[in-house]
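J.: Pasting a structure below so you can have a look.
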Amino acid sequence: MKFAVLVFPGSNCDIDMYHAIKDELGEEVEYVWHTATDLSGFDGILVPGGFSYGDYLRCGAMANQSNIMAEVKKAADAGKPVLGVCNGFQILTEAGLLPGALLRNKNLKFMCRTIQLKVENNNTLFTNQYEQGQMINIPIAHGEGNYYCDEETLQQLKDNNQIVFTYSGENPNGSLEDIAGIVNERGNVLGMMPHPERAVDALVGGADGLAVFKSIVKQWRENHVNN
């Protein structure tokens, strides 16, 4: 499986994404600059965290105007897995690939620490290597991670089982319904504020995030290699 790690001016988690794929999974991966106009050679798209374009206007708003985002939308429409983490989640909401928005943290402070999540739905291509209800420890690092959507959208998320991760015990940012990560209705686009790519090796504090990437590869192989 071949992954693209998108790089915008201000991205700072692209190297962590690259490491997770290449060094931990042994899969193919390339950095793709935001001016690129073709993602057809990739099987999965990773939109990393950071502060794209300095978070000017709104987090992710300017990144959404980049050339590469038209290709990300094509990839999503084609059913390819698209994972957006932290700023990547913000970019995916700006692009309309995921519903809702990420607001300033309730305490108006940037927070960087490890937090406990609950796997609310393990029947997705991003979570099939977790157990339903499993508790995992994943780092957060954000100032605008407070997920919000209107009541109608929230009900749709619940009805379609699109809420994939929730904060357990402590809601660090005030997110609606403790939401930490959601998928689109089709299930091939995941946005989450916590950083699974920073939790792929016990040497750096834990490997609870590695199953996100293993899940993607497992699903892809079942669909493309084993058939």
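J.: When you check Glu152 against the structure, is it part of a helix (DSSP H, G or I), modelled with pLDDT of 95 or more, surrounded by 19 or more Cβ atoms within 10 Å (Cβ to Cβ) and of a type in the set (Asp, Glu), yes or no?
T.: no
J.: Filter the stretch 181-227 down to the residues that are among the polar types (S, T, N, Q) and part of a helix (DSSP H, G or I), then identify the one that is most open to solvent (accessible area, probe 1.4 Å).
T.: Asn223
J.: In the stretch 191-214, which residues are more than 27 Å from Glu94 (Cα to Cα) and small (Gly, Ala, Ser)?
T.: Listed by number, the residues that qualify are Ala202, Gly205, Gly206, Ala207.
J.: Filter the strands (runs of 3 or more DSSP E) completely within the stretch 1-102 down to those with at least 2 residues that are touching a Gly at 6+ places or on another chain (Cβ under 6 Å). Steps first, please.
T.: Working: elements: 2-7, 28-33, 44-47, 82-85.
Correct list: 82-85.
J.: Quick check: is even one residue across the stretch 94-101 free of Cβ contacts under 8 Å to residues at least 24 places away in the same chain and of a type in the set (Gly, Ala, Ser)? Spell out how you get there, then give the answer.
T.: Here is the first cut: in the stretch 94-101, the ones free of Cβ contacts under 8 Å to residues at least 24 places away in the same chain are 96.
Checking the rest, the ones that are also of a type in the set (Gly, Ala, Ser) come to 96.
Yes, the stretch 94-101 contains at least one residue that is free of Cβ contacts under 8 Å to residues at least 24 places away in the same chain and of a type in the set (Gly, Ala, Ser).
J.: OK, next. Considering only the stretch 25-56, how many residues are among the charged types (D, E, K, R) and either within 28 Å of Glu144 (Cβ to Cβ) or open to solvent by less than 50 Å² (accessible area, probe 1.4 Å) (or both)? Give the derivation first.
T.: If we filter the stretch 25-56 for residues that are among the charged types (D, E, K, R), which is where we start, we get 27-28, 30, 38, 43, 55.
If we keep only those that are either within 28 Å of Glu144 (Cβ to Cβ) or open to solvent by less than 50 Å² (accessible area, probe 1.4 Å) (or both) as well, we get 27, 43, 55.
Qualifying residue count for the region: 3.
J.: Do any residues in the stretch 124-135 that are over 14 Å from Ser168 (Cβ atoms) have Cβ atoms under 7 Å from those of residues that are charged (D, E, K, R) and in a strand (DSSP E or B), where the two are at least six apart or on different chains, and which pairs are they?
T.: none
J.: Condition first: open to solvent by 60 Å² or more (accessible area, probe 1.4 Å) and in contact with a Ser or Thr (Cβ under 6 Å, 6 or more places away or on another chain). Now tell me which residues in the stretch 80-124 satisfy that.
T.: Residues satisfying the conditions are Gln116, Lys118.
The values are calculated or read from the model by the stated rules, or taken from the named source; none is laboratory data. Since the structure is predicted, the reported quantities are computational estimates derived from the model, not experimental observations. Heads up, the Cβs are rebuilt from the backbone with ideal geometry, glycines too, and the neighbour counts pull from every protein chain shown. These area figures cover heavy atoms from the full protein model, side chains too; ligands, DNA and RNA do not enter into them. Shrake-Rupley method; radii C 1.70, N 1.55, O 1.52, S 1.80 Å.
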